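Read through the structure below, which is laid out as structure tokens, and then see the notes.
Every number in this text was worked out from the coordinates using simple rules, so none of it is lab data. Predicted model, so just to flag it, every value in this text is computed and none were measured. Neighbour counts are summed over all protein chains in view; Cβ atoms, including those assigned to glycine, are modelled from backbone coordinates with ideal geometry.
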Amino acid sequence: MKKITLFIIVLLSILVFNPTELMADAANIIHAPGGNVKVMNSEFIKMKNEQIYITICEDKCKYRVEYTFVNTGDEQTVLMGFPNSKRIGRDETVFGINDFSAFEGSSELKVFRKDEENQNDKYTRSLYECFEVHFNKGETKHITNTYTQDNIESSEDGSFKAIYILTTGASWKGKIDTISVFIDLKVPKNQIVNRTSYLHYEYESDGEIIEDVDTKYYSLSISPGNYIIEQGIYKMVFTDIEPDFDIEISRPPLLVRRLSASSELEDKNDRYSVWNIVDERPETAWVEGKNDSGINEFIKMDIAPPFGIMGEGSYEIEKIGIINGYAKNNDIFKQNNRVKKLRLEYGNQVRTYALKDTIVMQYLKFDKPVYMSTIKITILDVYKGSKWDDTCISEIKIVL
């Protein structure tokens, strides 16, 4: 076997736009137009402090940036703009950042778009999400920007990368007193673990037949690495700084790429969704939605890693963990059905397992690690609940 190792950071770096005009403010970029909030018409505005809140979700990143600005000049109305882009066409679709808002204290500011001048691109047009802020002489203002950006998947290996630009240029006056960064990872950690994916694929390279391609994925990476973790939040603080670096966050694709169930118990708040089985929260559960005990209802998990035009590969699975029933507490566990017997299907293999009637994690084990790209788990028999005839599973954990 000849291994080809694809390093995520190297591959993704070619996909991130590197802006040519960099300022001290930090506007984050995820495979999108580069830039940052910019004072359009004044050289007397100093940024004293900046607090950056980044929430990493499965499909997007959410941002809240709180600034403290000081006017070092006379009374003036300042125009600020955040770079964005749009495709030129019938609908002129805006892309890059979404749902942009600006606030002065708790009051929302009017946002309007302004095209950048002297553009020649036939397909895209740069623009600014603009808002005005009035400063008295020497006045301090607290401004907040919020926005989202959709995650865009690398065409090479399905990984994701976010960049928050901190690099300082000439737009802001002087050094920044304090920059604080808070990163909240909403993606379950069991979905972004270190792993190697495999693909059996024959092709010719320099006269040699390559039969197996391996891709290594690495778990969450944050740069710079001088952060601390407090109650699950990644935190960085920089003082008296004119930053010459950016915040970069890399993560692999989700281990479970797609997830479906034959039925779900209906609830307006989606409390019983199949996605509860991979949220690392035993107090939530998938609940089947049939008017009986749920025999023959199933869950299907797609864990096939993408290999671009070469197709989809598989992972080498050591065992599969299951928290049976509705594990919120012992009473709810006993009130609802638990799985007594299940069928596991992967590839062309079919196995049956008996589960214990326990609230703790138990494992479906194999004689040796096996390659899997899809997993189907079907309910064959249940332990009856004392109150409800609904069968539940709280967690399924793929162990590589």
Inset, instruction - Read phi for every residue in the range 233-250 and hand back ³J(HN,Hα) as whole Hz from Karplus 6.51 cos²θ - 1.76 cosθ + 1.60, θ = phi - 60°, with x for Gly and Pro. - result: 9, 7, 10, 9, 9, 10, 10, 6, 10, 10, x, 10, 9, 10, 8, 10, 10, 10
Inset, instruction - Compute the relative contact order of the range 211-261 as a whole-number percentage, counting only Cα pairs closer than 8 Å that sit 6 or more residues apart in sequence. - result: 44
Inset, instruction - Give, in nm to one decimal, the length gained when the segment between W275 and I241 is fully stretched (0.36 nm per residue of separation minus the Cα-Cα distance). - result: 8.0 nm
Legend entry - Spacing of the two label points (7 Å from each Cα toward its C-beta) at R64 and K341, in nm: 5.2
Legend entry - FRET efficiency estimate (nearest 0.05) - Cβ-Cβ, R87 to E266, R0 35 angstrom: 0.35
Inset, instruction - Would you calculate the separation in nanometres between label points at V111 and E316, each defined as 7 Å from the Cα along the Cα-to-beta-carbon direction? - result: 4.8
Inset, instruction - With a point put 7 Å past each Cα toward its Cβ, work out how far V350 is from K48 in nm, to one decimal. - result: 7.1
Legend entry - FRET E, pair L79, S221, Förster distance 22 Å, beta-carbon r, rounded to 0.05: 0.05
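Taking the Cβ-Cβ separation of N41 and D357 as r and a Förster radius of 56 Å, what is the calculated FRET efficiency to the nearest 0.05?
0.20
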